[in-house]
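Right, one structure below, let's go through it.
The values are calculated or read from the model by the stated rules, or taken from the named source; none is laboratory data. For clarity, every value in this text was computed on a predicted model and none was experimentally measured. Here Cβ is always computed from backbone atoms with ideal geometry, including for glycine, and neighbour counts include all displayed protein chains. With ligands, DNA and RNA removed, areas are computed over all heavy atoms of the protein, side chains included. Shrake-Rupley method; radii C 1.70, N 1.55, O 1.52, S 1.80 Å.
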Amino acid sequence: MQQIPVYAFTGFLDSGKTKFIQETLEDPRFNAGERTLLLVFEEGEEEYDFSSYPHENVYLYVLNQETVTAKELQALAKKHKAQRVVAELNGMQMVGDLYTRFPEDWVVAQEVMFADSTTFMTYNANMRNLVMDKLVGAQMVVFNRLEVGQDTMPFHKIARAANRRIDILYDYTDGSTAFDDVIDPLPFDINASVIEIQDEDYALWYRDVTEEPQKYEGKTVHFKAQVAMLRRDKNGMFAPGRFVMTCCVEDIQFCGIPCRYDGAKSLEPRSWVSVTAKITAEKHVLYHGELGPVLTAISVESAAPAVEEVVTF
């Protein structure tokens, strides 16, 4: 099956998405006449100027992000024999919900978020779930309309709390730009003989070890967790983990890691345990065919509950 790459641009109204897409389509390095579906799911004040780039093979459609179906999208791609898709998403809708309705042969090649620095903090305070939704999946976030010399650390902290691997670009009102080069150290030592994960750091460790399991290959870790049983591996395996909240109560989910342990059957679900285990990067059903962390228990002992049952980033 021939895959169609999707270039998705997210952010709230008037955050600069349209302007960037326009400039991208004007760049011959990106647009050499490829058959492109330009899907607009949010109409702002700016409009696309088709006269300034090779527009014969760019097909613009304004669609409703809430109601569009995979069948409609597939029909458009087939009608125009699309080689790629450029999508301007609606900031007030969840990104993942739209992705689930993409045709099977559509693959998100890149997702970039745009954020107006003058309104971003207000959105983050009042619509944090929508802000986190954009940041979590993006490869890059562009904070624009910044004054020269403005403190960028508040933006950095929010972006990296949502996504440690996201690239951050600052776009200033004088026309200059600068990449964020701040390196965020992990709050635990991955080179220690035993990596000690404090209760409040579980979410950060879980994200890091699941994103880069091979980095932890052969290492030993110690952490406190709650017991979850695995449906397919009831004997000799369980999943110690914690309830993690990304941005709001509605998105709390249990984040556990499969762990080999001979005494797994005797453990009580939801009980608290202190786990010391070796980490390997393996394929497991939980990871849908991808490599992920798998633990082999050295010791599993009863423990007092953590002060905060739910952890955050």
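Of the labelled figures (1) 25.5; (2) 18.6; (3) 15.7, only one reflects mean projected area of the Cα convex hull in nm² as derived from the coordinates, namely (2). The slack in the chain from A304 to F50, taken as 0.36 nm per residue of separation less the alpha-carbon distance, amounts to 85.1 nm.
Accessible area per residue for segment 220-313 is 53 Å², calculated with a 1.4 Å probe on protein heavy atoms, without ligands, DNA or RNA.
Summarised in one figure, the compactness ratio Rg/Rh of segment 132-260, Cα atoms and Kirkwood Rh, is 1.06.
Share of carbon and sulfur in the accessible area of the chain stands at 50%, probe radius 1.4 Å. Among the trypsin sites (Lys or Arg not before Pro) within segment 1-95, those in coil by DSSP and having at most 10 neighbouring Cβ atoms inside 10 Å are R29, K81. Here, segment 205-295 is characterised by an Rg to Rh ratio of 0.95, where Rg is the alpha-carbon radius of gyration and Rh the Kirkwood radius.
Greater than 22 Å separation of Cα atoms is the criterion. Which listed pairs, K215/K278; K219/K283; K17/K134; K19/K134; K71/K283, meet it? Can you show the working numbers first?
Details: K215/K278 13 Å; K219/K283 17 Å; K17/K134 13 Å; K19/K134 19 Å; K71/K283 33 Å.
Distance filter (> 22 Å) returns K71/K283.
Spatially, segment 44-98 and segment 240-313 are offset by 40 Å when compared through their Cα centroids. At q = 0.17, 0.32 Å⁻¹, what base-10 log of I(q)/I(0) does the Debye formula yield for segment 119-161 when every alpha carbon is treated as an equal point scatterer in vacuo? Relative scattering, expressed as log10 I(q)/I(0), comes to -0.47, -1.36.
Taken one residue at a time, the phi angles of segment 212-219 give Karplus couplings (6.51, -1.76, 1.60, θ = phi - 60°) of 10, x, 5, 5, 9, 3, x, 8 Hz. Gly and Pro are set to x.
Using only Cα atoms, what Kirkwood radius does segment 151-200 have, in angstroms? Show your work: numbers first, answer last.
Details: mean 1/r = 0.0757 Å⁻¹.
Taking the inverse mean of 1/r over all distinct Cα pairs, segment 151-200 comes out at 13.2 Å.
What are the aspartates and glutamates whose alpha-carbon lies under 19 Å from the alpha-carbon of K78, with same-chain residues fewer than 8 places away excluded? Answer for K78, where 19 Å is the Cα cut-off: E34, E56, E104, D105, listed by chain and number.
Sparsely packed loop sites in segment 266-302 (the GluC sites (Glu not before Pro) outside DSSP H, G, I, E and B with at most 12 other Cβ atoms within 10 Å) comprise E290.
At most 13 other Cβ atoms within 10 Å and a DSSP loop assignment: could you name the GluC sites (Glu not before Pro) in segment 131-206 that fit? Those satisfying the criteria are E147. Once the 1.4 Å probe is applied to the protein heavy atoms, segment 1-160 comes out at 50 Å² accessible per residue.
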